[in-house]
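Notes follow once the structure below has been shown.
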Amino acid sequence: MPCRHAYRGQDGRDDRCAASHGSIQRGRLCPLQSLTDGTGDDPGSGPYRIPNAWIDTRASYTNTIPTGAFRGAMTSQLTWACEQQMDEIGVDLGIDPVELRRRNLLREGDAYVTGERMHDVHFTELLNEVAGAIGSGIRSESPEPGRVRGKGVALMIKSTVTSSRSEARLRLGDDGRVTLLCSSVGMGQGVRTTLAQMTAGYMDVAIERVDVPFPDTAVTGFDTYTGSSRATFSMGTALRKAAVVLREELVSLASERMEAAVEDLAFSEGTIFLIGAPRHAISYQELLRSAGRSSIEADGVFQSEGGMPSLDPETGQGVASVHWHEGAVGVEIEVDLETGRIRILNCHGASYAGRVVSPSRVRQQNEGNIIFGLGQALFEEVIYDSGQLVNPNLSDYMIPSILDVPDRLTSSAVEGNDPEAEIHGIGEMTIPCIAPAIGNALFAAAGIRLRDLPMTPERVLRALRAQGTTSL
């Protein structure tokens, strides 16, 4: 989605203020206009403590193709501007960009730009993860003449759709199998597997005994939609609530059958046993059959309040997001001064996951996000001529190939200290960070600051020529 963001900032020893004005261009038809407007506003001050902020967003209809939300909706464009501004402030103040961020990052209990109090905040840990992975300093020596190297970091904060609702139903059959009925849609992100793992954990059964059928609105409950990295959190919360109800009913049945107090019973591997006497146990199958039940069901509902409809239209104050996504990226790049080509030597992405359900899937999401973000940073560009799209195919619209993957690509997930911490979705957390991290590394390496994406060799060469670094 073509956008333009302009920032003005003021720094001081005791007070900091920031003003930003966003001009967002989108096509004549945009069914998600109100959503994308709000997403451009909410995280407008970035993941920082800025006590004085004024943020406006303007949306304009134009005679171009329709546009809408797509992975990191509006946050990628905003982070591109905000995170480069942070580096520029650091240069003006003579402060290392990592240290400047560390001093100003949001912390637990801080008031955000919308006035809401922040909770479950882990930006400092994320910054430490990526800064440690790329090493100290912003420059490094290149072994080849005509090439320069630099390092850069970027962080992002992203809202999730608020308000929203998710409904889950758990069904336990007398064969011991657990079925989760929900309307979360699998689109390659692995949500059905993740929800199956969560179900297995909540119900103390092997994952092989869990079924998550495809959504069918004749039998599955309401879900706002699958997007905004919300399914694991929103549907996962509804699932957890359903599991609590189902476990309560099971332990009540077991209490009668085993003639034991509810508080003396516990769950383990599809059975309920007497604490202190684990051999005195009953399986779910036996329990249901003895009660004359073919199955039992329980429902759980997640409903969040707040969001765009509830924000004050004049001040923007209120609850903008039921929770906030947090991510960071650190890169080391090499710039060829003759060709303008940017090569990613080292890249580390970190996201806050709350509690990790599947370490392998977290790694795949983080690293896949980075590669996806490389396209926005270095290759992908929609080109118009007199309102007509001139590169509508993959011959002219460039995307990354396997040859463009960073030489070293790693990732990590930060977890909350509370074992009962919320499980966050991480489907977008490192995408918005990759472009500004590369932009900051480009400035560190070659002293040029690009304002437009993508950072193609042509644009890099043009900027190098403007400052006299190359004769081309």
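The values are calculated or read from the model by the stated rules, or taken from the named source; none is laboratory data. These numbers come from a predicted model, not from an experiment. Heads up, the Cβs are rebuilt from the backbone with ideal geometry, glycines too, and the neighbour counts pull from every protein chain shown.
Overview of results
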quantity: Residues of the range 152-185 classified as assigned to a loop (DSSP other than H, G, I, E, B) and either surrounded by fewer than 19 Cβ atoms within 10 Å (Cβ to Cβ) or without any contact (Cβ under 8 Å) to a residue 24 or more places away in the chain (or both), total; calculated: 6
quantity: From the options 199, 194, residue that is of a type outside the set (Gly, Ala, Ser), part of a helix (DSSP H, G or I), closer than 30 Å to residue 253 by Cα and in contact (Cβ under 8 Å) with a residue 60 or more places away in the chain; calculated: 194
quantity: Exclusive hit being part of a loop (DSSP other than H, G, I, E, B) and either touching a Pro at 6+ places or on another chain (Cβ under 7 Å) or at pLDDT 90 or above (or both), set 107, 149; calculated: 107
quantity: Residue that is farthest from residue 439 (Cα to Cα), among those in the range 359-404 that are free of Cβ contacts under 8 Å to residues at least 60 places away in the same chain and among the hydrophobic types (A, V, I, L, M, F, W, C); calculated: 390
quantity: Qualifying residue in the range 345-357 (condition: of a type in the set (Lys, Arg), closer than 29 Å to residue 169 by Cα, in the same structural domain as residue 118 (by TED's automatic domain parsing) and not in a strand (DSSP E or B)); calculated: yes
quantity: Unique match (being touching a residue at least 12 places away in the same chain (Cβ under 8 Å), among the β-branched types (Val, Ile, Thr) and closer than 30 Å to residue 301 by Cβ) among 114, 124; calculated: 114
quantity: Count of the range 407-435 residues which are under 18 Å from residue 334 (Cβ atoms) and part of a helix (DSSP H, G or I); calculated: 2
quantity: Residue list for the range 202-214, filter: touching a strand residue (DSSP E or B) at 6+ places or on another chain (Cβ under 8 Å) and assigned to a loop (DSSP other than H, G, I, E, B); calculated: 204, 205, 212, 213
quantity: Residue 244 being within 26 Å of residue 163 (Cβ to Cβ), β-branched (Val, Ile, Thr), modelled with pLDDT of 90 or more and surrounded by fewer than 19 Cβ atoms within 10 Å (Cβ to Cβ); calculated: yes
quantity: Checking residue 412 against (1) touching an Asp or Glu at 6+ places or on another chain (Cβ under 8 Å); (2) under 25 Å from residue 464 (Cβ atoms), the condition it does not meet; calculated: (2)
quantity: Contacts under 9 angstrom Cβ, first residue in the range 446-469 being more than 21 Å from residue 79 (Cβ to Cβ), partner crowded, with 19+ Cβ neighbours inside 10 Å and among the aromatic types (Phe, Trp, Tyr), 6 or more apart; calculated: none
quantity: Residue identified as part of a helix (DSSP H, G or I), surrounded by fewer than 16 Cβ atoms within 10 Å (Cβ to Cβ), of a type outside the set (Val, Ile, Thr) and not assigned by TED's automatic domain parsing to the domain that holds residue 189 among 394, 374, 403, 378; calculated: 403
